[in-house]
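For reference, the structure discussed in these notes is given below.
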Amino acid sequence: MSVQRVLITGACGVVGTLMRPRLAKPGRVLRLLDVREPEPAADGEAVETITASVTDPDAMAAACEGVDAVIHLGGHSRENTWDETLRVNIHGTQVVLNAAQEAGVPRAILASSNHSVGFRRNDEGGEGGVPADSSPRPDTYYGVSKAAIEALGSLYHSRFGMDVIAIRIGSCFESPLKLGPRGLSTWLSPDDGARLFEACLAAPSPGYRLIWGVSDNTRRVYSLAEAEALGYKSLDNAETYADQLAGQPAPTGPAAEYLGGPFVTAPLGEPN
Ligand code: 15L
């Protein structure tokens, strides 16, 4: 049986850490890359580790050798200065996609975010939820960087035929509790996250896709149709945590009206 090698950038971040044990499976090697040194392989764990930045073209060229798919999670995961956002999130993604293309990697899965469309209204999608391919309406420099990586993914697909799936992730954390009431709508459970990445890895010839990364939450306002068309089936629902959040005040003002929640009023360019 040939081994599938999956490169994960940003492997030590929140999502990468949650995915490491969940994406491990027989016949697969996870190549974990991060600016922080990844934990070495545990006994029996089929893992390779690389300590490097996604902005380093030589390191990325080496990291992409012999790889079947890249899951690109690397980058700042919140608002930061424009220079940092440009350098790490936008330029870094170009470096990753360029290295992947030159190494002949056929598929890239990109971690985009709800903040690429943070200034879309929660109710604009109606019954089915906000479509996954809504045009960008970023809420921050961070959101602009996520819109840019979606565009870079589209470019690498159209120019080189690479399969590229950009996932507009809601909020992927162990539980929605730290997120407050908004998390009951935006949560992507770690197990659903793994199911979603597996669907993205397995879908035959997806081309370029934009999909939402969210669990099938009762209060969900994002469409799941596009991810389901790729083979994703959510089994979790943040509503199971609703009782524990019952006392907390619901968001008000713009944070309640727009997809980006608190990001829509966060000071622009200020790291948080
Ligand atoms: C994101 O894109 C962030 O990476 C994450 O930290 C959360 O803040 C999430 O959005 C969210 O909107 O809850």
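Read-outs: derived from the displayed coordinates by stated rules, not from any lab. Computed from a predicted structure; not experimentally measured. Heads up, the Cβs are rebuilt from the backbone with ideal geometry, glycines too, and the neighbour counts pull from every protein chain shown.
Quick notes
- The Cα center of segment 137-152 and the Cα center of segment 199-258 differ in position by 19 Å.
- Both radii come from the Cα set of the chain: Rg as radius of gyration, Rh as Kirkwood radius; their ratio Rg/Rh reads 0.95.
- Selection of GluC sites (Glu not before Pro), segment 148-203, meeting DSSP coil and at most 13 other Cβ within 10 Å: GLU174
- Between GLN244 and GLU37, the distance separating the two model label sites (each 7 Å from Cα on the Cα→Cβ line) works out to 3.4 nm.
- Only beta bridges with both residues in the chain are counted; by DSSP, about 5 percent of them are antiparallel.
- Nonlocal amide H pairs with VAL130, under 5 Å, H built at 1.01 Å: GLY125, TYR222, SER223
- Taking θ as phi - 60° and the Karplus parameters 6.51, -1.76 and 1.60, the scalar couplings of segment 215-225 work out to 7, 7, 6, 3, 9, 4, 10, 9, 6, 9, 4 Hz in sequence order, x denoting glycine and proline.
- Near the amide H of THR49, within less than 5 Å, lie the amide hydrogens of LEU32, all on another chain or at least 5 residues away, with H placed in the peptide plane.
- Phi to ³J(HN,Hα) by Karplus 6.51 cos²θ - 1.76 cosθ + 1.60 over segment 164-173, Hz, x for Gly, Pro: 9, 10, 9, 9, 7, 6, x, 9, 9, 9
- Estimated FRET transfer efficiency (ALA151, GLN4; beta-carbon r; R0 30 Å; 0.05): 0.60
- Per-residue ellipticity at 222 nm computed for the chain from its helices equals -8000 deg cm²/dmol, with DSSP H segments shorter than 4 residues left out and the rest contributing -39,500 (n - 2.57).
- Stretching the chain fully between GLU228 and ARG78 yields a gain of 51.3 nm (0.36 nm per residue, less the alpha carbon separation).
- Rounded to 10°, Cα long-axis angle of helix 14-23 versus longest principal axis of the chain: 60 degrees
- GLU257 versus ALA202: modelled label distance in nm, points set 7 Å from Cα along the beta carbon direction: 4.3 nm
- Applying 1/(1 + (r/R0)^6) with r as the Cβ-Cβ distance of ASP123 and SER53 and R0 = 30 angstrom yields a FRET efficiency of 0.15.
- Neighbour-limited loop hits for GluC sites (Glu not before Pro), segment 21-114 (at most 15 other Cβ within 10 Å; DSSP other than H, G, I, E, B): GLU45, GLU65
- Built from the Cα atoms of segment 1-151, the convex hull projects on average onto 9.9 nm², one quarter of its surface area.
- Nonlocal amide H pairs with VAL164, under 5 Å, H built at 1.01 Å: ALA108, GLY207, TYR208, ARG209
- The chain, dipole about Cα centre (Lys/Arg Cβ +1, Asp/Glu Cβ -1), debye to the nearest 20: 280 debye
- The ARG28 and ASP133 beta-carbon pair, evaluated with R₀ = 25 Å, returns a calculated FRET efficiency of approximately 0.25.
- Qualifying trypsin sites (Lys or Arg not before Pro) for segment 1-62 [loop in DSSP, other Cβ within 10 Å: at most 10]: ARG36
- Least to most buried among SER158, SER113 (fewest other Cβ within 10 Å first): SER158, SER113
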